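Please read the structure below before turning to the comments.
The values are calculated or read from the model by the stated rules, or taken from the named source; none is laboratory data. All values reported here derive from a predicted model rather than from experimental measurement. Here the Cβ is made from the backbone with ideal geometry for all residues, glycine too, and neighbour counts use every protein chain on show.
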Amino acid sequence: MQFKMTSMSWLTIPLIVLFWLTGLTWVGYYDSLSVVFHFDDIPFILENPIIKDLDGIIKKMFEFTNSRRAIPILTLYLNYVLHSFEVQGYHIVNICFHALNGFLVFLLIDQLLSRIYAAPSSKKEDSSIAFSIKFTAISIASIFTVHPLLTASVTYITQRSGEIATFFYVAAFLSYLQMRKFSPPQKKFWAWMVFTLLCYWFAFKSKEMTLTWLLIPVAYEILLRLNDWSRLRNVFKWAVLILTIFSGVMTWYLLNSNYLSGNYFVGFGSKTLWGPWTQVETMSRALVNYWKLLVIPLPQWMNIDHDFIPSKQAVDIWALASLLAHIVLVGVAFFLARKGYVLFALGVAWFYITFGPYIVVPERDLLVEYKTYLPSIGLMLIFADFFFWLQKKLGARKYYISSVGVLILIVSGIAGTWERNAVYATTASAWKDAINKAPYKARTLHNLGYAYAQEGHLNAGKIYFQKSLQMSPGFVLARLNLARVYVRSGAYQEGLAEYNMMVKLANDFPTGELAGLVKDAYHEIGETYAKQRKYAEAIPYYQKSLQIENHVKSHVALGKIYLETNKLEEAKQHLGYVSKFYPNAPDLNLNLGIIALKQKKLDEALQWFLRTIEFAPNHPDAYNNLGIVHAMKGNLTASIQAFEKVLQISPNHPEAIKNLKALKKQLSESAKAK
């Protein structure tokens, strides 16, 4: 569409719009750069070995099932390579993706408004409509970039997966709109189709719920023709085909992936979920709350962990009222689409389609703010249609009045975003805020206790773990962490009592993540006994841990116990097993050398100590034991050099001082004897 340049023609230059949206995003999020790793960031980033494994990530890029969100993990890998676990770099990537998504929202609204309302009757009207389209697009995209609710995806680093998925989801739809300009057998049609499918694949590799994208073009084409039956009839055949393909793909994926059997869902992998009707009632209420948070994002309504539970009654009045509200909204959307307000209707469809997987599959977390990131674009489309309609009604001063309204929304959005970023600043502050808004939820109490324990405030941690267990006595993770706090503070008996109670509770659910917690509990019970030098009691628990998972920690612990109790073959068996996976670990090589030394295998011991020094050149105990080996082999000069090296590294090393003194005395007496 062509129109004459105006004093605000910069609105038509995409690069300037990108700079504006990027700058606005940084204004909203510059204070988030020092926000710590939170909640799922710990297992997903700090404790996740796959973010260090490029080969494994690339392999996941080409697997359809169990994708593990390969593209977000690839970006985390790049973050790790560039700056390890310095948190600022991770936030910079999140902020940049959010700015790019704001730009895609601008392009999306611009493209859709141009297609829907591009029928002016004069050149003057042509110029006015074109400018209104650009003005609407940049205004709504600006609101998107500073929407406070979206901090749950931007500031919360792990939820980068939602940002990246949204980027490719919207890019795929924009590509589809370009593809529709052409028809086969034109090369541009096929080129855009390939690019569309590629974006769809990347979206899926970022977050599984983006499989719903196929429904977006179907909804768009139907809504666009809803007021013309002859045109609508032409798209039914391919719409039915796409819906059939979509149903088949989703069914196959759910049956062949770990999506339904993983730890994300109710019962920790249990197949006994609540029924379909309860799910309908529950999600009807949840979706009303999502609409409320998106339309009116008041800080007092936002929470990192909402206290929201499933509907417990067969006839839940609030749930039925919510369901009726959704039906009415969808009906209004169809009515407005027939009147030509297609963008409003598409926004409603976008919201429900992108929430589809969360509606269908029961999850433990029923109301989580980061789930709104992609669906929020549906609200932006609704705002755009309303904003564009409003400008036509305002008359000559429409841009001035509209600018004031947009400015108010942007400023209030920035203020709300700053407030949410301040809440996220530390783990403790996030969970204090959550408790203020959901004081009777066991998990929020537990997580604040965990934050305090991580900061070294053990008594505060213990208090909140106990409060959590008062709310939910079967909350095994809270009991496990309470046991850990007791042990760290030296209250071993209280800790052991909590560990044993936790194991008893968790053994009723022997699958999924609870099995991992039982493994950890057994290992830590063993550690608790080992700290008290009660090795006979410790050993069986380490062995029980290994029966659940053949992991390194318990092998190392058993190896050290057997070494200290002079059961050298058993010690060598466990430590030797670990050395296969960690051949360059200095302390491991040192202990294997000590075992060989005690077995009088001097040449083998010598090799282990030299290997220790190779990977830890200033390891005093390695040089001390090396000196002992040389002395036993009669290489006294080499032995003295080794002991002297120890004292260079650690001048007060008691064993080296004693050994060097004894060796020099031996040499002196030998010289006198001669």
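Going by the conditions given, is ASN624 surrounded by 22 or more Cβ atoms within 10 Å (Cβ to Cβ) and among the polar types (S, T, N, Q)? Yes: the conditions hold for ASN624. Scanning region 205-260 for residues that are aromatic (Phe, Trp, Tyr), modelled with pLDDT of 90 or more and under 30 Å from THR158 (Cα atoms) yields a total of 1. When VAL194 is tested against (1) in contact (Cβ under 8 Å) with a residue 12 or more places away in the chain; (2) part of a helix (DSSP H, G or I); (3) within 35 Å of the chain's Cα centre (by Cα), just one condition goes unmet, and that condition is (1). The selection criterion, being in the same structural domain as GLN88 (by TED's automatic domain parsing), in contact (Cβ under 8 Å) with a residue 24 or more places away in the chain and not basic (Lys, Arg), holds for GLY413. Take ASN652 and decide whether it is among the polar types (S, T, N, Q) and either modelled with pLDDT of 95 or more or part of a loop (DSSP other than H, G, I, E, B) (or both). Considered against the rule, which asks whether it is among the polar types (S, T, N, Q) and either modelled with pLDDT of 95 or more or part of a loop (DSSP other than H, G, I, E, B) (or both), ASN652 comes out as yes.
Name every residue in region 582-597 that is under 18 Å from GLU564 (Cβ atoms) and touching a helix residue (DSSP H, G or I) at 6+ places or on another chain (Cβ under 6 Å), in order of residue number.
LEU588, ASN589, LEU590, ASN591, LEU592, GLY593, ILE595, ALA596, LEU597
Please determine, by comparing only the residues of region 115-134 that are surrounded by fewer than 18 Cβ atoms within 10 Å (Cβ to Cβ) and of a type in the set (Ser, Thr, Tyr), which one is modelled with the lowest pLDDT. This residue is SER122. Does ALA203 qualify as being within 25 Å of the chain's Cα centre (by Cα) and either buried (at least 21 other Cβ atoms within 10 Å of the Cβ) or more than 27 Å from GLY102 (Cα to Cα) (or both)? Spelling it out, ALA203 is indeed within 25 Å of the chain's Cα centre (by Cα) and either buried (at least 21 other Cβ atoms within 10 Å of the Cβ) or more than 27 Å from GLY102 (Cα to Cα) (or both). Looking across region 299-324, the residues that are under 32 Å from the mean Cα position of the chain (by Cα), surrounded by 12 or more Cβ atoms within 10 Å (Cβ to Cβ) and of a type outside the set (Phe, Trp, Tyr) come down to PRO299, MET302, ASN303, ILE304, ASP305, HIS306, ASP307, PRO310, SER311, ALA319, SER322, LEU323. Does ARG160 satisfy being in a helix (DSSP H, G or I), modelled with pLDDT of 90 or more and basic (Lys, Arg)? So ARG160 fits the description; yes.
What about ARG420, is it basic (Lys, Arg), within 28 Å of ASN101 (Cα to Cα), out of contact with any Leu (no Cβ under 6 Å at 6 or more places or on another chain) and assigned to a helix (DSSP H, G or I)? Yes, satisfied. Reported count of residues in region 631-659, each being without any contact (Cβ under 8 Å) to a residue 24 or more places away in the chain, surrounded by fewer than 17 Cβ atoms within 10 Å (Cβ to Cβ) and under 18 Å from ALA605 (Cα atoms), is 4. Taken over region 221-235, the criterion of being out of contact with any helix residue (DSSP H, G or I) (no Cβ under 6 Å at 6 or more places or on another chain) and within 20 Å of ALA172 (Cα to Cα) is satisfied by ILE222 alone.
Within region 99-114, being under 16 Å from ILE216 (Cα atoms) and surrounded by fewer than 18 Cβ atoms within 10 Å (Cβ to Cβ) holds for one residue alone: GLN111.
Right, ILE435: part of a helix (DSSP H, G or I), in contact with a Leu (Cβ under 8 Å, 6 or more places away or on another chain) and among the β-branched types (Val, Ile, Thr) or not? Steps first, answer last, please.
Numbers: part of a helix (DSSP H, G or I): yes; in contact with a Leu (Cβ under 8 Å, 6 or more places away or on another chain): yes; among the β-branched types (Val, Ile, Thr): yes.
Yes: the conditions hold for ILE435.
Scanning region 193-237 for residues being within 16 Å of LEU177 (Cα to Cα) and not charged (D, E, K, R) gives a total of 20. Identification of helices (runs of 4 or more DSSP H) wholly contained in region 330-394 with 2 or more residues that are in the same structural domain as VAL249 (by TED's automatic domain parsing) and closer than 23 Å to HIS98 by Cβ yields 342-354, 356-360.
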